[in-house]
Amino acid sequence: MDGGDIAGLIAAAVFAILVALLAIPLVKLGRVLDQTTASIREATDGITPILSETTTTIREANKQLARVDTITGSVADVSGNVSALVALFAASVGGPLIKIAGFSAAVRAGIAGLRGAEKAAAPDGARTKRKPRTK
């Protein structure tokens, strides 16, 4: 063996040591990637039921919203009917009530006018005063 062969052996040994030192982080990185893959699988397995439950919940919420929409439409119809009923009642009963109120006001004014005429026609001394009672 000459000097070039020894230098080649030393270089090969150094290269082997370098490869071994670089292999350790690569092996650790491989383990990290394996753990990451396993964690992603577990998360996917856990998320799938949650997503299916969420889908079911959203479907049920949409059904309830459809029912509420129907109820809201019915309430709007009832409100319109009540409004029309109130307008009809006011038109049918309000007119006669106004006439009755006007008639009663006229009767009161007439009665008050008659009383005023009686007071004006009676002389001042014509009113009789009560005599005190004696025991």
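Would you say LEU21 is out of contact with any Asp or Glu (no Cβ under 6 Å at 6 or more places or on another chain), surrounded by 10 or more Cβ atoms within 10 Å (Cβ to Cβ) and either of a type outside the set (A, V, I, L, M) or part of a helix (DSSP H, G or I) (or both)?
No; evaluated as a whole, the condition is false for this residue.
Conditions (1) in a helix (DSSP H, G or I); (2) at pLDDT 90 or above; (3) touching a Ser or Thr at 6+ places or on another chain (Cβ under 9 Å); (4) charged (D, E, K, R), marked per residue:
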| residue | (1), (2), (3), (4) |
| --- | --- |
| GLU53 | yes, yes, no, yes |
| ASN62 | yes, yes, no, no |
| VAL78 | yes, yes, no, no |
| ASN81 | yes, yes, no, no |
| LEU88 | yes, no, no, no |
| ALA91 | yes, no, no, no |
| GLY94 | yes, no, no, no |
| VAL107 | yes, yes, no, no |
| GLY110 | yes, no, no, no |
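The values are calculated or read from the model by the stated rules, or taken from the named source; none is laboratory data. If you're wondering where the values come from, they're calculated on a predicted model, not measured in any experiment. Glycine gets a Cβ as well: all are built from the backbone with ideal geometry, and neighbour counts include every protein chain shown.
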